[in-house]
Amino acid sequence: MNIAENLEKLRKSLPGNVTLVAVSKTKPVAAVMEAYHAGQRIFGENKAQELVTRHAQLPGDVEWHFIGHLQTNKVKYIAPFISLIHSIDSLGLLAEVNREALKHNRVIDCFLQFYIATEETKFGFTPDEARSVLDSEIYKNLKNIRITGVMGMSSFTDDEALVRNEFRTLAGYFRLIRSEYFSKADSFRELSMGMSGDYPIAIAEGSTMVRIGTAIFGDR
Ligand SMILES: *Cc1c(COP(=O)(O)O)cnc(C)c1O
């Protein structure tokens, strides 16, 4: 199977309201270009430095998403061009994205990342932590970021019932945050969940955006 065929197959299996982010991390630029030529325009990367290199190598109409843990001191590298950051996990990071976005006269779309897995290694807010961010005066004064959804990663496991439960939990957080803080904002509408191994479950639980690498580009 080649990349174009993988993409074609995936697109056929995704409902029309679900956006596909092709996760190109660690893959050679030729592979990314192959996906580009097959019509893919949204790509996800999880390292700032690599993303800067990629951005310079690929055509200008690519929409770049940042999907990994983002260190505050790396925001400045991606702020000029990043379309969406899936992985906001602290108020400090959000404030830094705002600061750098302002320098470039941009408004950067961001998702709040929630912790839903059983693994300590994963990042993200609890609902109470997210509330304390959204209630803060600091957040209310940020004019160069816009929160447009939430993101989460399920546990790395074969236990489908557990994964389903975690995605269901995230979908619940999404509705909760939307009703408490964004009921008047149509722009808050994305639920980023689902990777190669679990995207059908994520979609069944309401995902609007899947982040898929291996199923397009092969094993890393
Ligand atoms: C690597 C990665 C993905 C894609 O994982 P695959 O299993 O290769 O589809 C999705 N989301 C995040 C946050 C990742 O780091």
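What residues qualify as long-range amide H neighbours of I108, i.e. H under 5 Å apart, gap of 5 or more or another chain, H built at 1.01 Å from N?
I145, R146
With an 8 Å cut-off on Cα pairs and a minimum separation of 6 or more residues, tell me the relative contact order of the chain in percent. Could you put the intermediate results ahead of the total?
On the way: 376 pairs, mean separation 43.8, N = 220.
Relative contact order comes out at 20 percent.
Rounded to whole Hz and in sequence order, give me ³J(HN,Hα) for the stretch 163-179 from the Karplus expression 6.51 cos²θ - 1.76 cosθ + 1.60, θ = phi - 60°, writing x for Gly and Pro.
Whole-Hz 3J(HN,Hα) from phi for the stretch 163-179: 4, 4, 4, 5, 5, 5, 4, 5, 4, x, 4, 4, 5, 4, 5, 4, 6.
Students often forget the sequence filter, so: which lysines lie under 24 Å Cα-Cα from K184 once same-chain residues fewer than 8 apart are removed?
K140, K143
If you count only protein heavy atoms with a 1.4 Å probe, what accessible area per residue comes out for the stretch 40-123, rounded to a whole Å²?
On the way: 3600 Å² over 84 residues.
Each residue of the stretch 40-123 exposes 43 Å² on average to a 1.4 Å probe.
Over all Cα pairs of the stretch 78-152, how is the pair count split among 5 Å bins, expressed in % and running from 0 up to the last occupied bin?
Distribution as computed: 3, 17, 28, 25, 15, 9, 3, 1 percent.
Taking amide hydrogens as modeled 1.01 Å from N in the peptide plane, which residues meet the under 5 Å criterion relative to T19, leaving out close sequence neighbours?
M209, V210
Specify, per residue and in Å³, the volume enclosed by the convex hull of the alpha carbon atoms belonging to the chain. Intermediate results must be reported in sequence, preceding the final value.
Details: hull volume 26.7 nm³, N = 220.
Hull volume over Cα atoms, normalised by residue count, gives 121 Å³.
Taking amide H positions as placed 1.01 Å from N in the peptide plane, with prolines and chain starts having none, which residues 5 or more places from F125, or on another chain, fall under 5 Å of its amide H?
Q113, F114, Y115
If you build the Cα gyration tensor of the stretch 1-105 and take the root of 5 times each eigenvalue, what three semi-axes come out, in whole angstrom, biggest first? Each step should come with its number before you reach the end.
Working: eigenvalues 143, 45, 26 Å².
They are 27, 15, 11 Å, listed from largest to smallest.
At R0 = 30 Å, how high is the FRET efficiency between R175 and K140 if r is their beta carbon distance? Nearest 0.05 is fine.
Values: r = 22 Å, r/R0 = 0.74.
Computed FRET efficiency for R175 and K140: 0.85.
The values are calculated or read from the model by the stated rules, or taken from the named source; none is laboratory data. Nothing here was measured: the structure is a model prediction, and the numbers come from that model. For neighbour counting, all protein chains shown are included, and Cβ atoms are generated from backbone atoms with ideal geometry for every residue, glycine included. The accessibility values were calculated without ligands, DNA or RNA, using every heavy atom of the protein model including side chains. Shrake-Rupley method; radii C 1.70, N 1.55, O 1.52, S 1.80 Å.
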